1. Report, please, the projected area of the stretch 110-219 averaged over directions, based on the convex hull of its C-alpha atoms, in nm².
2. Counting only DSSP beta bridges with both residues in the chain, tell me the antiparallel percent, nearest 5.
3. Please work out whether the stretch 11-179 counts as rounded, prolate or oblate from its C-alpha gyration tensor, where a ≥ b ≥ c are the square roots of the eigenvalues and a/c under 1.5 means rounded, while otherwise a/b larger than b/c means prolate and anything else oblate?
4. Using per-residue counts of other Cβ atoms within 10 Å, averaged over each peptide, order 138-147, 338-347, 216-225 from highest down.
5. Which semi-axis lengths, in whole Å and largest first, follow from the square roots of five times the eigenvalues of the Cα gyration tensor of the stretch 204-268?
6. Using every pair of alpha-carbon atoms in the stretch 112-153, split the distances into 10 Å bins beginning at 0 and state the percent of pairs per bin, rounded to integers.
7. State which entries of LYS128/LYS160; LYS299/LYS320; LYS105/LYS128; LYS295/LYS377; LYS79/LYS105 exceed 19 angstrom in Cα-Cα distance in the structure shown.
8. Restricting to the stretch 11-179, compute how many DSSP beta bridges are antiparallel as a %, nearest 5.
Amino acid sequence: MNNFQFHNPTRIVFGEGTISRIGELTAHYGKSILLVYGGGSIKSTGLYDLVRKQLSASNVTVHELAGIEPNPRLTTVNKGIDICRTQGIEFILAVGGGSVIDAAKAIAAGALYDGDVWDFFTGKASIKQALPIGTVLTLAATGSEMNGNTVISHWEEKLKRGAGSSHLFPTFSILDPELTYTVPRNHTVYGSVDIMSHVFEQYFSLTENTPLQERFCESILQTVIENIEPALVNPNDKAARANLMWCGTMALNGGQISLGMVNDWASHGIEHEVSAIYDIPHGAGLAVIFPNWMKYVYKERVDRFAQYATRVWGIDAAGKTEDELALAGIEATRDFFTRIGAESTLADFGIGEEQLDRMAEEAVRYSAIGSFKTLEKNDVLEILRMSL
Ligand code: NZQ
Ligand code: ZN
């Protein structure tokens, strides 16, 4: 285990009915706020009316930015920055999934920056300050509700890039599992794949002596596996939705489950190149890429993959070599993703070979990626080819 520091400032307000605290929590941070939301789900579910009512009861003046896209776009972020600057916004409230929260974070940083907010995503500048934000999470997936990351798409240039800063951690996040009952089946699936993928990025590590971290990871994976099918059978399953929501937050909240470990993140890097060009849901891309990444890299540390097979999937080690066990665990992952309804090939999205080279090139634009196995352009290209 390596040395580490950990500080996570986000206040989590978790549970049924906690949405009723939105007015009070928001008013604590600002009287003039920007309410950021997506393409309309919060209006059809009634959440919008509920939030507006609470805010008005707390005497908060609300400006709005609606229409944040899944895979949120820079052009929309810039609209939000304009509103913040012209309206004297003190606080940003994001109500939605990861895309809405990520857009809110980019707006929060951009509003207090003199240059182009995209500078933060190309590495040209680092985030030194940001407006405070709060979130109401409506989809269990990214962990954005308790971390300092944001991922934005530059649609015209077909680029999707992330930025991170301690200034981007939300001040509070309301996690009311009931708000996720209306998440469509496919996004419930993609969200769970994303949660599991966040764990994989941390669990498949070369760092030695990390038994507690490994068990944190395994417990989240098992909890997602146990709860996703009940949530698909009955979208209003309170326990399943609550467990998935908490798994999502714990899987990527500033690295709590993998403190002292070197993380990988290559599969995320590759997926971001796919969704940058084809605008597919992030979790859907991961369901295709991750099992192929596993097959490509597992020999770097067969013992960790064998442990994954036995501890997470309960595969019997008797009569199997470590290598066979590792491959059985990877197969179980692929089968599970398929069983819950995720796509298994890029062809399922109509994606062919045309842009593979560009995606591989962009994935390693700044440097080789990954740490479990360092991937150069040719490695990325091979994983993409395996995913066709
Ligand atoms: O736009 P609306 O109408 O709200 O509909 C959304 C959207 O169409 C819908 N939805 C959300 N909550 C709902 C709901 N529909 C009905 N009822 C509800 N309660 O679901 C669709 C997908 O939403 P989105 O926010 O795009 O999904 P997700 O939370 O998976 O976020 C994906 C984005 O986050 C980035 C991804 O790359 C992608 O851009 N990521 C952010 C990370 C972070 N900040 O730490 C890490 C991740 O690895 C990831 O890269
Ligand atoms: Zn992810």
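The values are calculated or read from the model by the stated rules, or taken from the named source; none is laboratory data. Since this is a predicted model, take the numbers as computed values, not measurements. All Cβ positions, even for glycine, are placed from backbone atoms using ideal geometry, and neighbour counts span all protein chains on display. The accessibility values were calculated without ligands, DNA or RNA, using every heavy atom of the protein model including side chains. Shrake-Rupley method; radii C 1.70, N 1.55, O 1.52, S 1.80 Å.
1. 9.5
2. Close to 25 percent.
3. Prolate shape, in that a/c is at least 1.5 and a/b is the bigger ratio.
4. 138-147, 216-225, 338-347
5. Semi-axis lengths for the stretch 204-268 are 27, 11, 10 Å.
6. 22, 49, 27, 2
7. Over 19 Å apart, Cα to Cα: LYS128/LYS160.
8. The antiparallel fraction comes to roughly 20 percent.
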